[in-house]
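Read the structure below first, then the notes.
The values are calculated or read from the model by the stated rules, or taken from the named source; none is laboratory data. What you see is a predicted model; the values in this text were computed from it and never measured. When we count neighbours, we look across all protein chains shown, and the Cβ atoms used for this are built from the backbone with ideal geometry, even at glycine. Side chains included, ligands, DNA and RNA excluded: accessible areas come from the protein's heavy atoms. Shrake-Rupley method; radii C 1.70, N 1.55, O 1.52, S 1.80 Å.
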Amino acid sequence: MILSRQETTRPPEDRLARSVFGPLGGVVEIGAVNATGTWRLTDVSLGAFVAVRQHDVDRMLDGIRSVCRFSDAAMTIVGELGYLRDHEVSAAALLLWSDGIAGVPESLTQLEEPSLVRRMCRIGTDLQLTRLLQALVTAALAAGTEAGEGVAGIAEILRVVGGLADPDEGARTTPADIHRMWRVAHLPGILRPASDAPEWGKAGYRAYDAELERLVQRE
């Protein structure tokens, strides 16, 4: 989601919230699979995964509320989507989060093979963390949170979600990694001359890019 030239007022808050909480759900589901260490879906307990990380989850949600200036009604959407409640994580969901980049085998049994599940998790982590950062910056800009004010909060959110996506600290995607992927994946389309983004929006995305580079690339 980006700000379009046609939107002279803030986009609907529920749309902004869903654009944030959708990829966040992908991160949580993928993290629960990575936490097994076996990449066997029968070993996944999303409820247990969230329960032992509840402090981090709460801190992340507080950060999202602050940076995006979401109302109580908007914050309830994360509960409505159900990603933080205990539920089965399916191979089909991982295929969705990874955009099918790893390929679609002929049978569901093959889709659940640990080697393919692990590959989908790696791809899905990159995709969903990058989309989450795009959604956070867009929602922050729409709320009037300027880069100098919002970037520290976004950087902290990225630290938390990187840990949720992969509990293995050695394999963890850092805020600097997420920033670089976001800049390559999203900014060229937004900042090109023919982009539909308004000029104030382009200036805002540039400012967040510069501030994130200043803050996270030196960590």
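General observations
- Residues that are open to solvent by 50 Å² or more (accessible area, probe 1.4 Å), among the aliphatic types (A, V, I, L, M) and touching a helix residue (DSSP H, G or I) at 6+ places or on another chain (Cβ under 8 Å), drawn from the range 36-76: Ala73
- Among the residues of the range 93-120, those that are assigned to a helix (DSSP H, G or I) and modelled with pLDDT of 95 or more comprise Ala93, Leu94, Leu95, Leu96, Trp97, Pro114, Ser115, Leu116, Val117, Arg118, Arg119, Met120.
- Residue check, Ala135 farther than 30 Å from Leu84 by Cβ and at pLDDT 95 or above: no
- Top-ranked residue in the range 151-168 [being over 18 Å from Trp39 (Cα atoms) and open to solvent by 30 Å² or more (accessible area, probe 1.4 Å); ranked as farthest from the chain's Cα centre (by Cα)]: Ala152
- Checking each residue in the range 186-219 for being in a helix (DSSP H, G or I) and open to solvent by 70 Å² or more (accessible area, probe 1.4 Å) picks out Pro188, Glu199, Trp200, Arg206, Glu213, Arg214.
- All of (1) out of contact with any Lys or Arg (no Cβ under 9 Å at 6 or more places or on another chain); (2) in contact (Cβ under 8 Å) with a residue 12 or more places away in the chain hold for Gly100 with one exception: (2).
- Thr76 out of contact with any Leu (no Cβ under 6 Å at 6 or more places or on another chain), β-branched (Val, Ile, Thr) and within 26 Å of Val117 (Cα to Cα): no
- Leu132 vs. criteria under 20 Å from Asp177 (Cα atoms), open to solvent by 10 Å² or more (accessible area, probe 1.4 Å) and under 17 Å from the mean Cα position of the chain (by Cα): no
- Meets criteria (of a type outside the set (Val, Ile, Thr), closer than 16 Å to Arg119 by Cα and open to solvent by less than 40 Å² (accessible area, probe 1.4 Å)) for Gly26: yes
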